[in-house]
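Here, each number is a calculation from the coordinates, and none is a lab measurement. As the structure is a computational prediction, the values presented were derived from the model and not from experiment. Cβ: placed from backbone, ideal geometry, glycine included. Neighbour counts: every protein chain shown.
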Amino acid sequence: MTDPVKKTFVLKGIAVSPGIVIGKAYIFDRLDAQISFYKLNDCSLIPPEIERFRTALRESEKQLLEIKKKLSNLKVMETLYIIDVHIMILKDRNFINRTIRSIKKMCVNAEWAVRMTIDRYRQIFDKVEDEYLKGRFSDIRYVGQMILRNLGGEKQDVIPQMGEGVIIISADLSPADTAQMKIEKVQGFATDIGGKTSHTAIVARSIEIPAVVGLENITRRVRTNDLIIIDGSAGLVIVNPDPEIVRRYEVKKRHYEETREMSLIDAVLPAVTRDSHHVEIGGNIEFIEEIPSVISHGADGIGLYRTEFIYINREQLPTEEDHFSIYKRVVETEKLNWSTIRTFDLGGDKFLSDPKLAKEMNPQMGLRAIRFCLKEVDLFKVQLRAIIRASAYGKTRILFPMISGIEEIQKAKKIFYEVTDELISQGIPVGEDIEIGVMIEVPSAVIIADQLAREVDFFSIGTNDLIQYALAIDRVNDRVTYLYEPLHPAVLRLIRHVVKTGHDAGIRVAMCGEMAGEAAYTMVLLGLELDELSMNPLAIPRVKKIIRGATLKESKALLKKVMTLSSAIEIRAWVEKTMQERFPEEFPNNEH
Ligand code: PEP
Ligand code: MG
């Protein structure tokens with residue numbers, strides 16, 4: 001559980017080493033703030049001070065050579081040249097002479113003189129235009145800090161009591177830094193500076209841990225022991241995530257690990273069964289930085305953009321222009337055939353810290369999603385205007401969450417058309433074929449699916465909430481997760497009813513809850529004849545592989561059998577057995 005008073009925020013940087021890690025932050029500080037300054041009050045103290053500096057240089061060189069030896073044992077060959085560069089800097093006449101001159105002229109301690117030399121180099125490098133050369137200043141700073149450490153007589157153990165499994169947060173990291181760490185305890189890196197070829201990136205990739213660099217000020221915004229998530233594929237660091245975000249990323253992490261060994265070459269093949277039944281595949285995103293991953297993992301479009309995440313990073317509510325620039329980037333992405341933008345689902349488990357949302361006794365059933373939008377119409381209109389404007393730039397589908405009755409969708413549509421007319425009368429371009437859909441995630445919406453189908457172009461089944469409401473299982477309460485069962489016969493009947501009703505009315509039916517991304521359920525979902533499955537991007541390749549290996553006919557037969565079984569336990573056992581027999585490589589030992 002996160003500390004409720006700590007605010008969730010997201011930092012965006014450069015994704016340099018893929019994977020997801022959730023853990024405690026450890027701030028790796030290289031003594032920068034602790035440099036002492038004192039005047040040598042007697043000129044006779046100058047030669048011993050210079051000698052102290054020279055000893056620190058020799059000591060640093062010795063340590064670098066030791067680190068080099070250690071790195072070659074670790075076979076991190078790409079990084080050895082960096083140590084050579086550091087040794088060259090240690091021996092650089094300019095660096096040494098400048099420092100000695102400062103000791104002599106200003107009569108100051110060696111630490112301060114080294115600091116002044118580093119500052120001088122920083123000024124020079126700041127003026128360099130070439131980004132690569134500019135980045136090389138980090139080598140000088142690293143060497144300077146090493147000398148400072150040796151001047152202080154400190155030993156090399158710079159991470160004295162690093163706890164179990166930490167994420168290292170630092171201004172920058174040199175491979176030598178990482179060589180001194182108990183690397184098996186490090187789960188990820190996040191740094192203020194750096195790029196794809198910076199040392200942190202190279203080291204992280206070579207030891208296969210997630211890393212994000214170029215975050216600018218993470219060292220100032222995070223404290224040791226803060227809970228953080230690093231998404232090394234999207235280049236995001238989420239600080240103090242709320243339990244729902246942690247849960248989402250645990251799922252992402254699992255999918256990432258399941259598909260890590262898989263080649264992504266096949267991921268772009270269409271999701272067509274062996275008997276030619278085609279399913280559209282969407283990717284679910286919370287941040288636009290995930291779009292490249294959606295594409296590389298083989299989605300046809302964005303099946304669910306959870307726009308409420310736009311709200312968590314700000315002190316102030318986002319403006320129409322903030323929304324618009326984000327949605328435009330989504331819909332105009334070339335390799336996406338369509339993008340489903342869900343209007344914000346604030347409230348409930350999501351972002352209770354928002355001052356506009358009062359604390360509620362039972363937030364899951366409180367003033368959230370469409371209910372909140374219909375109450376705060378001005379706020380809703382800002383988002384709608386932006387989505388409709390963005391629809392001029394690419395195929396857009398708009399999705400309304402938490403619809404529980406016909407009047408909610410009618411009201412939402414009325415506002416949608418008002419906003420569209422307003423934009424048109426202002427001469428602002430809007431898309432011509434924007435599709436309107438509703439999330440089917442409240443049991444009442446399932447029951448009145450026939451009425452809702454007359455109002456919209458598509459349904460998208462949100463199993464996360466639908467299961468929670470249908471089975472009365474709080475999705476964020478760990479004590480009842482054992483009852484959260486997507487294969488419960490009631491859940492399967494609800495889904496079957498929605499698909500049939502949607503198809504009878506001639507509309508498309510998608511699924512965008514977590515259930516859609518579980519490869520163990522793929523044949524059941526094929527049997528249910530969903531037109532689109534939208535999921536966590538990392539889950540896509542495996543689900544597509546199952547679709548390509550199965551037939552619609554056998555999936556329907558499986559579903560028929562499953563529907564005769566009366567308990568979730570029986571259904572799960574049957575589905576697992578079938579999947580193990582059909583896809584032994586994917587489901588080797590009781591995995592689901
Ligand atoms: C769902 O409820 O299944 C869903 C996709 O929406 P969310 O997880 O954002 O509530
Ligand atoms: Mg939902």
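Before rounding to the nearest 500, sum -39500 (n - 2.57) across all DSSP H runs of length at least 4 in the chain and divide by the residue total; then give [θ] at 222 nm in deg cm²/dmol. Kindly include the intermediate steps, with their values, before the conclusion.
Values: 23 runs with 265 residues, N = 592.
So the calculated ellipticity at 222 nm is -13500 deg cm²/dmol.
Report the FRET efficiency, 1/(1 + (r/R0)^6), for residue 250 and residue 132, where r is their Cβ-Cβ distance and R0 is 41 Å, rounded to 0.05. Please report the intermediate quantities before stating the final value.
On the way: r = 38 Å, r/R0 = 0.91.
Step by step, r from the Cβ atoms, then E = 0.65.
Could you list, in their original order, any pairs among 39/134; 7/182; 7/413; 328/544; 68/91; 545/577 whose Cα atoms are separated by more than 22 Å?
Numbers: 39/134 33 Å; 7/182 30 Å; 7/413 34 Å; 328/544 28 Å; 68/91 17 Å; 545/577 18 Å.
From 39/134; 7/182; 7/413; 328/544; 68/91; 545/577, over 22 Å: 39/134; 7/182; 7/413; 328/544.
About the Cα centre, and with charges only on the beta carbon of Lys, Arg (+1) and Asp, Glu (-1), how big is the dipole of the chain? Nearest 20 debye, please.
Numbers: 81 positive and 85 negative charges, 344 e Å.
Charge dipole, the chain, about its Cα centre: 1660 debye, nearest 20.
Would you mind finding the longest exposed-site-free stretch of the chain, with exposed chymotrypsin sites (Phe, Trp or Tyr not before Pro) meaning DSSP loop and at most 12 other Cβ atoms within 10 Å?
Working: sites that count: 37, 38.
Answer from the scan: 39-592.
Report P(r) for the chain: all Cα-Cα distances, bin width 10 Å, range 0 to the bin holding the largest distance, values in whole percent.
In whole percents, the pair-distance histogram is 3, 15, 23, 21, 15, 10, 7, 3, 1, 0.
Give me the one-decimal nm value for the distance between modelled label points at residue 39 and residue 262, 7 Å along each residue's Cα-to-Cβ direction.
It is 7.0 nm.
What are the GluC sites (Glu not before Pro) within region 379-470 that DSSP puts in a loop, where the Cβ has at most 13 other Cβ atoms within 10 Å?
432
With only alpha-carbon atoms in the gyration tensor, what are the semi-axes of the equivalent ellipsoid for region 337-493, in Å, largest first? List each step's numbers first, then the result.
Numbers: eigenvalues 172, 70, 35 Å².
Square roots of five times the eigenvalues give 29, 19, 13 Å.
Restricting to bridges with both residues inside region 265-567, how much of the DSSP beta-bridge set is antiparallel, in percent to the nearest 5?
Values: 2 of 31 bridges.
Percentage antiparallel, nearest 5: 5.
Given a Förster distance of 35 angstrom, what is the FRET efficiency for residue 337 paired with residue 314, based on the Cβ-Cβ distance and rounded to 0.05?
Details: r = 31 Å, r/R0 = 0.88.
After rounding to 0.05, the efficiency reads 0.70.
Relative to the present Cα-Cα distance, how much length would full extension add between residue 105 and residue 185 at 0.36 nm per residue of separation? Please report the intermediate quantities before stating the final value.
Working: separation 80, 0.36 × 80 = 28.80 nm, distance 4.55 nm.
Residue separation times 0.36 nm, minus the Cα-Cα distance, leaves 24.2 nm.
In degrees between 0 and 90, to the nearest 10, how far off the longest principal axis of the chain does helix 406-425 point, with axes built from Cα atoms?
60 degrees
Given the Cα-Cα distance of residue 24 and residue 88 and 0.36 nm per residue of separation, how much length would full extension add, in nm? Let's see the in-between values first.
On the way: separation 64, 0.36 × 64 = 23.04 nm, distance 3.60 nm.
Net length gain for the segment: 19.4 nm.
Roughly what would the spin-label model give for residue 581 and residue 80, points 7 Å off Cα along C-beta, in nm?
Roughly 5.6 nm, to one decimal.
Run through the DSSP bridge list for the chain and note the antiparallel percent, rounded to the nearest 5. Numbers along the way, then the final one.
On the way: 19 of 59 bridges.
Of all bridge pairs located within the chain, approximately 30 percent are antiparallel.
Please give the length that would be gained between residue 424 and residue 225 if that part of the chain were fully extended, namely 0.36 nm times their separation in residues minus their C-alpha to C-alpha distance (nm, one decimal). All intermediate terms of the calculation are to be shown ahead of the outcome.
Working: separation 199, 0.36 × 199 = 71.64 nm, distance 5.16 nm.
Contour length minus Cα-Cα distance gives 66.5 nm.
Taking the simple approach of a point 7 Å from Cα along Cα-to-Cβ for both residue 325 and residue 46, what is their distance in nm?
With each label placed 7 Å out from Cα toward Cβ, I get 5.5 nm.
In which sequence would 117, 319 go, from the one with the fewest C-beta neighbours within 10 Å to the one with the most?
Numbers: 117 22, 319 11.
By the 10 Å Cβ count, ascending, the order reads 319, 117.
Taking the Cα atoms only, what angle lies between the long axis of helix 377-390 and the longest principal axis of the chain, rounded to 10 degrees?
80 degrees
If R0 is 35 Å, what FRET efficiency do you get for residue 376 and residue 472 from their C-beta distance, rounded to 0.05?
Details: r = 28 Å, r/R0 = 0.81.
The computed FRET efficiency comes out at 0.80.
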